[in-house]
Amino acid sequence: MTSASADRELSFLSASRLIADFRKKALSPVEVTAATLRRMEVLEPKLNAFVLRDPEGAMAAARASEARWQKGAPLGLLDGVPATIKDLFLTRGWPTLRGSLLTKRDQPWDEDSPPVARLREAGAVILGKTTMPEFGWKALGDSPLTGITRNPWNLERTPGGSSSGAAAALAAGLGPLALGTDGGGSIRIPCHFSGIPGLKPTFGRVPAYPPSPFGMLAHTGPMARTVEDCALLLTVLTGEDIRDPYALPRDGKDYRAGLEDGVRGLRIAFSPTLGYASHVHPEVAEAVARAARTFKELGAEVETVETVFPDPRPAWLTLWYAGAAKVMAPFGAEERKRLDPGLKVHVERGEKLSAVDYVNADVARTDLSRQMQLLHRRYHLLLTPTVAVPALEVGKDLSDPTREKEWIDWTPFSYPFNLTRQPAASVPCGLTRNGLPIGLQIVGPLYGDALVLRAMRAFETTYPAPRPPLAAE
């Protein structure tokens, strides 16, 4: 085996496998981190997945981890495992630029957000910070700060967003774990486009600080290359933090427990369109319908439900526009000239909203949540496509401008479940004829994160997701 192929195989090991090998002293964190960093040097110029890399810091953390493993005293569940951080999370010692030219670098960066603190407490080796669109305003992988991030399946396609670099790095084998956020699909969309699993947990399951300008739409969650690793990372991230009044209490749950219990006997609704998504790419629709049939073969009762609720697009957009206006409140007219033009439009729309507009959207959110609570009295889970289309070409915000006005128009399945605060995940379920990944969305009842992970894992056993072409380099 050549050194390059050895590095590749090490870089694609799961976090769970790494921990097992560290424990047996079959591998060392130094060996794995060095291999990942060498691959990063080769692939990053093609991907542009990182806004900040710290090879020296990563190797220092790996050496400290190796010393702990040699003593048989690991720091936590992730000791020595490489991980990446979306550039939305405060990270001590590093700037958090949020994909924008407007964020001032010369300010104190002396605090970790709760998820970053949890990574450090668990002993993870932090490789760097990953790219995102400006202030996370859209589900695509470009920003004025870092330019275009590319998809390892096809470099002329976007990896999605706003957890853009996180998804691209994972799919390319640059670390097995990543921190992502999701306000309208920003974990699930890049997972769909990039062929990896990821979970938007129940709101508050993972504490957040500082609070998002997008309010309760914004969730934090795990992204990985295996469902077991998603469960492992969620186990590390959960629990209250005094800085987040909405954080759910730590329940002591290890989300890996029960992961192999399957879906036999579960009642599952499959909705191809939710009742309003009239333009789903035929290859996406076919792959997701096939995935729904697989759940039947796994022993679940699956019923097709054509209409679940009316399109909540107006409510979500109102809350999103308002959040965009809040983001820009501190900036003047000259600074705004440097914004992504699409974000500038959202800000202007948000500034025209009234308090009554906002309250009406919040009432619609509450009503949608009630409807989903009723649905989950009949069904344990809901299946849909994750996104209506495969990965878009880089540089495009719309899949079909003749039908779409906003980027959310090609992702009609993701944003409703930010409104309802429910756990929702994407798991790979196929490829288009052009070799682009397709994701299946699995939605669970409020607080049903473990059930969603269990269903993800059940499906994963039937479809081991392939590696992208770039992985061979």
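The values are calculated or read from the model by the stated rules, or taken from the named source; none is laboratory data. Keep in mind that this is a model prediction, so the values were computed, not measured. A quick note on method: Cβ atoms are made from the backbone with ideal geometry, for glycine too, and the neighbour counts reach across all protein chains shown.
For the reader, a short list of remarks on this structure follows.
- Among the residues of segment 124-148, those that are in a loop (DSSP other than H, G, I, E, B) and over 22 Å from THR386 (Cα atoms) comprise ALA124, PRO144, LEU145, THR146.
- Residue within segment 132-144 that is among the hydroxyl-bearing types (Ser, Thr, Tyr) and more than 19 Å from TRP320 (Cα to Cα) present: no
- Of the set (1) farther than 18 Å from VAL389 by Cβ; (2) touching a Lys or Arg at 6+ places or on another chain (Cβ under 9 Å), all apply to ALA169 but (2).
- Once segment 291-323 is narrowed to residues that are β-branched (Val, Ile, Thr) and in a helix (DSSP H, G or I), the residue that is nearest to TRP410 (Cα to Cα) is THR318.
- Check on LEU78, over 30 Å from ILE148 (Cα atoms), assigned to a loop (DSSP other than H, G, I, E, B), modelled with pLDDT of 95 or more and more than 22 Å from the chain's Cα centre (by Cα): no
- Exactly one residue among VAL284, VAL288 is within 26 Å of LEU398 (Cα to Cα), touching a Cys at 6+ places or on another chain (Cβ under 8 Å), hydrophobic (A, V, I, L, M, F, W, C) and in a helix (DSSP H, G or I), and that residue is VAL288.
- Listed by first and then second residue, the pairs with beta-carbon distance under 7 Å, at least 6 apart or on different chains, first residue in segment 411-437 and in contact (Cβ under 8 Å) with a residue 60 or more places away in the chain and farther than 16 Å from ALA285 by Cβ, second among the basic types (Lys, Arg) and surrounded by fewer than 24 Cβ atoms within 10 Å (Cβ to Cβ), are LEU419/ARG365.
- Highlighted here are the strands (runs of 3 or more DSSP E) found entirely within segment 363-473 that include at least 3 residues which are touching a Cys at 6+ places or on another chain (Cβ under 9 Å): 424-431, 437-443.
- Whichever residue in segment 214-273 is of a type in the set (S, T, N, Q) and outside any helix (DSSP H, G or I) and, among such residues, is surrounded by the fewest Cβ atoms within 10 Å (Cβ to Cβ): THR273
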